[in-house]
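Below you'll find the structure, written out as structure tokens, and then a few comments.
Quick note: the coordinates plus some simple rules give every number you see, no bench work behind them. As the structure is a prediction and not an experimental result, all values here were calculated from the model. Glycine also receives a Cβ, built like all others from the backbone with ideal geometry; neighbour counts cover every protein chain displayed.
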Amino acid sequence: MDSLLAFGRQALAAQPFSQLVGAELTAFGADGAELRVVVTHSLLQQHGFVHGGVLAYLADNTLTFAGGGALGSAVVTSEFKINYLRPAKGDALVARARVLSAGKTQAVCRCDIFAIDGDEEKLCAAAQGTISKMGGAEG
């Protein structure tokens, strides 16, 4: 396992909310990041779909990891937008983010979230956000 992925997994493990939803960082590098969440009953809304807040969490965190790969570790999401494209249902969710453009202090990133049902992946949400370096922090 490369050192950036190991570092990212340590950062994820330090996030209590990420632990609550069972998030796993499956890829992390200068070119982007991937987070995975196994769908459990506690993540569903009343119609049996994964709650939109879980998808928003995945977008936010995966965008931030992707931006951190470009800018350094001390980053936060300054804004993001998400489009819910179809109800998320299946065995797991996977979010894949990549950097569209990066400067010295911010990166614009895109994230696609897929519901996985067996071997099939269906795009259920797309997000874009700005990730900013924290002021005064080393990255």
Task: With Cα atoms, 0 to 90° folded angle of helix 3-13 axis to the chain main axis - done: 60 degrees
Task: Cβ-Cβ FRET estimate between THR105 and HIS51, R0 fixed at 30 Å, reported to 0.05 - done: 0.35
Task: Separation of the PHE7 and GLU120 label points, Cα + 7 Å toward Cβ, nm - done: 4.0 nm
Task: Spherically averaged projected area in nm², based on the convex hull that wraps the Cα atoms of the range 1-58 - done: 4.3 nm²
Open item on the list: For the chain, take the longest principal axis of its alpha carbons; what is the angle in degrees between that and the long axis of helix 52-71, to the nearest 10 within 0 to 90?
Closed with: 20 degrees
TODO: Measure of size requested: the Rg and Dmax of the chain, with Cα atoms as the atom set and Å as the unit; please supply both.
DONE: 14.4, 45
Open item on the list: To make sure I understand the rule: partners must be lysines, Cα under 28 Å from the Cα of LYS104, and not fewer than 8 residues away in the same chain. Which ones qualify?
Closed with: LYS81, LYS133
Task: Computed FRET value (nearest 0.05) for GLU79 with LEU20, which takes r as the C-beta separation and R₀ as 25 Å - done: 0.55
